[in-house]
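Worksheet: one structure, shown below.
Read-outs throughout are calculated quantities, based only on the coordinates presented, and are distinct from any laboratory measurement. From a predicted model like this one, the values you see are computed outputs, not experimental measurements. Note that each Cβ is placed from the backbone with ideal geometry, even for glycine, and that neighbours are counted across all protein chains shown.
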Amino acid sequence: MAGLFITMEGPDGSGKSTQIALLKQYLEKKGYETVLSREPGGTAISEKIRDVILDRENAEMGYRTEALLYAAARAQLVEEVILPALDAGKAVICDRFVDSSAVYQGIGRSLGIEEVYRINEYAIRGIMPDVTFLLDLDAAEGLRRKRNQAELDRMESESQAFHEAVAEGYRMLARKYPDRIKRIDGSASIAEIHEQIIRELP
Ligand code: TMP
């Protein structure tokens with residue numbers, strides 16, 4: 001497998017989409033054929049699972065069900081998009097991946113990080129990012145940005161305490177895996193963040 005697998009992580013509203021678009025341009029200039037994807041989603045089946053997960057009417061969804069649905073959406077994305085692209089030597093930039101489950105389900109929902117990575121092993125078949133950028137932003141600031149954009153979905157509607165636990169969980173994960181996860185100050189300017197991402201590319 002010769003491709004480059006990059007994931008972008010961070011609390012809701014941390015500016016991932018903007019940075020992904022800039023990074024794609026940069027990689028294409030460098031000659032990489034680049035594939036963009038997002039989680040949950042990125043394939044027809046995974047987008048349907050996304051709708052189920054984020055539907056505010058599904059208020060009774062159990063945390064284990066939620067974790068397994070994210071893993072199922074991920075399994076389809078790995079099989080249909082990520083593996084073939086990496087095998088073909090392309091760069092894949094994914095908006096969220098298994099670290100989102102570790103933090104949102106493992107910490108936010110208290111299922112435990114190790115347990116969540118374990119159920120995801122089956123879905124991701126050993127595929128881990130070459131590098132992960134964590135756009136670290138205060139949870140309240142991220143939610144403020146989101147509220148200005150659209151109605152909040154089922155996850156975004158969680159309590160402030162939930163989102164603070166997620167933001168702190170990300171910092172903890174970055175300390176645990178410093179070689180792979182690069183923490184970046186998400187309150188810096190768009191250009192500054194982009195520069196730092198480029199400096200940290202493998
Ligand atoms: P998005 O708004 O970045 O598209 O992500 C959808 C929501 O799903 C967001 O609130 C984060 C959450 N999420 C998880 O809880 N677990 C996961 O594994 C993933 C990929 C996302």
Enter the mean projected area of the convex hull around the alpha-carbon atoms of the chain, in nm², rounded to one decimal.
10.4
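Extension gain Ser159-Ser187, at 0.36 nm per residue separation less the Cα-Cα distance, in nm? Don't jump to the answer; show the numbers that get you there.
Working: separation 28, 0.36 × 28 = 10.08 nm, distance 2.16 nm.
Gain on extension, Ser159 to Ser187, equals 7.9 nm.
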Please report Rg (one decimal) and Dmax (integer) in Å for the Cα set of segment 45-110.
13.3, 42
If I take the Cα coordinates of segment 58-164 and project them onto the principal axes, what are the three extents in Å, biggest first?
41, 27, 23
Residue-span extension gain [Leu36 to Met61] - 0.36 nm each, minus C-alpha spacing:
6.1 nm
With Val166 itself left out, Lys, Arg at +1 and Asp, Glu at -1 over residues whose Cβ is under 9 Å from its Cβ give -4
Contour minus Cα-Cα distance for Glu79 and Gln149 (0.36 nm per residue):
22.0 nm
